[in-house]
């Protein structure tokens, strides 16, 4: 009943394109974790839409678009997205937001900036307030969407501002005025009021009606707070567990779990990245793939595809199918390398680890493939791909043991092969 789309690496794999395709047959599209540190970009009829909070399924008429309880929401950003959709004549009457979702406050953004500024070892956060908001959630001092309409809202803001200002003052940062925040967020609350509901009950009503539900992943597996390359990770669980806890949907309802990747790899921010090409090859991939952050516009670190890490993602998420994007991009190179194992102090293996010391002592073992795929954007059957492309994709399947279900052949919505 419920299909899931998950990023397999460090994010930015092109999940939006796969989500957009799958949501055409879904009655409900759900965002389960993260905040406006994530971004999906979708090209529809020559128009580019960048989503940071709203499920991209909203572009499909008749599909309910739900922000689940596991998301942290910046109301200002959310309202800007809604207004942009309205300006482009996109129907938002089927948009809903969980009353249990956490609210990002101005002091969360400032705290994110402060923490990153004083760190000796930078994490490379987007400074959008995501981490501090999740910290308050776990500390049980966070403000939920439902609190915006509670009689306790003002006292919650004042209490939080009082404690946060002590820290800001200590570091010489600007402090906050609780009354200004209360006024601002009451205006946001009024705007959003008609969209707020108990989304857990709504989702289970859809399950009872046997309506197809699609859960949209944000960020990706190797950025998971528990299973990723800690501490260079996000503050939530963008793996399969976060899908369940961030939506209220039990595991028994899950169907297909699709893992999205690029035919190469990329990473934004700090942290280990064993197949990174900090050279002319990496620069070439970045320019060919337009690898600049949807949210931050930062240039992404680029490199070869790592099948050791991909196999790890398949394992921890229980992936049933793969979606490989940017096959056209990697096919523009004369030669392509694929990491098929790690050399750990002379031991050749396919063991991925989030331990920084282990990774530091690993070097990638590569196999080389011929590129020059040519223009594949109009190809609709896998068997019609050039032999060089087929060999590359076949090797991916062979080593990770999960079938490829989608092949991205270009930037547009229609440039994709759906494998039967």
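The values are calculated or read from the model by the stated rules, or taken from the named source; none is laboratory data. Here the structure is a predicted model, which is why all the values come from computation and not from measurement. Here Cβ is always computed from backbone atoms with ideal geometry, including for glycine, and neighbour counts include all displayed protein chains.
Among the residues of the range 13-36, those that are out of contact with any strand residue (DSSP E or B) (no Cβ under 6 Å at 6 or more places or on another chain) and over 14 Å from residue 242 (Cβ atoms) comprise 17, 21, 24, 25, 27, 36.
Okay, residues lined up against (1) in contact with a helix residue (DSSP H, G or I) (Cβ under 6 Å, 6 or more places away or on another chain); (2) in a helix (DSSP H, G or I):
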{"residue": "57", "(1), (2)": "yes, yes"}
{"residue": "65", "(1), (2)": "yes, no"}
{"residue": "83", "(1), (2)": "no, yes"}
{"residue": "107", "(1), (2)": "yes, yes"}
{"residue": "112", "(1), (2)": "yes, yes"}
{"residue": "132", "(1), (2)": "yes, yes"}
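For residue 201, the conditions (1) under 25 Å from residue 150 (Cβ atoms); (2) crowded, with 17+ Cβ neighbours inside 10 Å all hold with the exception of (2). Taken over the range 134-147, residues that are touching a helix residue (DSSP H, G or I) at 6+ places or on another chain (Cβ under 9 Å), surrounded by fewer than 21 Cβ atoms within 10 Å (Cβ to Cβ) and in a helix (DSSP H, G or I) amount to 2.
Table: residues versus (1) in a loop (DSSP other than H, G, I, E, B); (2) more than 29 Å from the chain's Cα centre (by Cα); (3) modelled with pLDDT under 95; (4) buried (at least 19 other Cβ atoms within 10 Å of the Cβ).
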residue	(1), (2), (3), (4)
116	no, no, yes, no
151	yes, yes, no, no
159	no, yes, no, no
162	no, yes, no, no
183	no, yes, no, no
190	no, no, no, no
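The conditions of being within 18 Å of residue 312 (Cα to Cα), assigned by TED's automatic domain parsing to the domain that holds residue 80 and touching a residue at least 12 places away in the same chain (Cβ under 8 Å) are not met by residue 203. Just one of the listed residues (286, 267) is touching a strand residue (DSSP E or B) at 6+ places or on another chain (Cβ under 7 Å) and crowded, with 24+ Cβ neighbours inside 10 Å, namely 267.
Applying the selection to the range 27-42, what residues are over 20 Å from residue 268 (Cα atoms) and surrounded by fewer than 24 Cβ atoms within 10 Å (Cβ to Cβ)? Matches in the range 27-42: 27 only.
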